[in-house]
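One structure is given here, and the rest of the page talks about it.
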Amino acid sequence: MTSKNNDSTLALVATAALASVATAVITHASLTRKHKAVCDQIRADAYEKDSSEKETAAMEQTKRGEPIGTQIPSLGIDGIYLWEVETLGSRFMRTKRRSINVMHGLWKIDSERHEKHQITETSTTYNKLIEKNECILADITRKPGMKPHTRAYIRAGPCEQLHFDPHTVNAAIVTCGGLCPGLNNVIREIVNSLVKLYGTEGNVYGIRGGFAGFYDPSMEPILLDPEVVKDIHHQGGTFLSSSRGGFDIDKTMSFIEKHSI
């Protein structure tokens with residue numbers, strides 16, 4: 001009888017212990033969930049507050065005409081020094097006629113009659129025109145301790161006005177010396193740019209055989225237009241031929257002056 005009572009007591013004690021453990025586990029899990037929920041809410045409130053403050057700061061920066069972001073005074077630039085390059089204005093007078101820079105219509109040249117015929121009369125303005133002193137910074141990577149000034153390069157691109165009047169421009173293209181890949185591409189795009197972009201109404205001469213082509217009667221210049229150079233980028237070498245030497249400044253200048261290059 002006593003043994004049975006002891007077994008019952010042990011069973012009750014074990015059951016009570018298990019119930020206590022289960023209660024403790026459930027209570028701990030519940031508290032953990034509540035704690036996590038509180039922490040998540042705190043983080044959410046902090047994130048919302050931070051986002052609101054950043055949004056307010058961004059609106060204030062926009063009102064002041066400043067870029068959005070965090071200003072870092074130690075990385076500021078207080079001096080920009082533009083590297084000068086020689087321009088057409090330093091060598092040639094600007095034409096009296098005011099030439100606005102737009103992409104012109106297409107032209108076709110009758111090589112037999114040496115006449116030009118315009119295919120389209122439409123012109124297209126550039127999406128972006130380069131202004132005076134527009135530049136690219138040389139030291140675009142900034143880090144603490146750098147000097148507060150930087151060099152800059154003149155930005156390439158179309159300007160609002162042309163230095164020369166396309167109506168009176170004649171051009172000459174010559175390839176000299178050794179060959180290199182892409183010469184025909186260069187010739188082709190120079191011709192296309194002169195005719196299609198600038199609307200040049202003069203002649204574009206292709207000088208054959210290097211510098212000697214300016215004066216050697218056995219190598220008459222070729223009159224170039226987009227039709228003539230249409231497929232030359234599929235060829236190797238240079239469409240105009242090349243040679244080393246043959247440079248004679250007096251004879252070359254005589255050709256340039258005679259054809260108003």
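Annotations
- Couplings 3J(HN,Hα) for segment 228-238, derived from phi with the Karplus relation 6.51 cos²θ - 1.76 cosθ + 1.60 (θ = phi - 60°), are 5, 9, 3, 10, 5, 6, 8, 9, x, x, 10 Hz, where x marks Gly and Pro.
- Efficiency of FRET from Cβ geometry, Met93 and Cys180, R₀ 35 Å, rounded to 0.05: 0.55
- Near Asp139, once Lys and Arg are set to +1 and Asp and Glu to -1 for all other residues with Cβ below 11 Å from its Cβ, the sum equals +4.
- The 3J(HN,Hα) values that the Karplus relation (6.51, -1.76, 1.60; θ = phi - 60°) gives for segment 28-45 are, in residue order, 5, 5, 5, 5, 4, 5, 5, 5, 5, 4, 5, 4, 4, 5, 4, 5, 5, 5 Hz. Gly and Pro appear as x.
- For Thr200, nonlocal amide neighbours, meaning residues 5 or more places apart or on other chains whose placed amide H falls under 5 Å from its own, are Val195.
- The local environment of Ser74, defined by Cβ-Cβ distances under 10 Å, has a net charge of +2 under the rule Lys, Arg +1 and Asp, Glu -1.
- Here the simple spin-label model places points 7 Å from the Cα toward Cβ, and for Gln71 and Glu131 these points are separated by 2.2 nm.
- Across segment 179-185, coupling constants 3J(HN,Hα) worked out from phi with the 6.51/-1.76/1.60 Karplus curve, θ = phi - 60°, read 7, 8, x, x, 4, 5, 4 Hz, and Gly and Pro carry x.
- Distant-in-sequence amide H partners of Ala172 (H built 1.01 Å from N, under 5 Å): Tyr205
Every number here is computed from the coordinates shown, using simple stated rules; none is lab data. All values derive from a computational prediction rather than experimental measurement. Every residue, glycine as well, gets a Cβ built from its backbone with ideal geometry; the counts of neighbours run over all protein chains shown.
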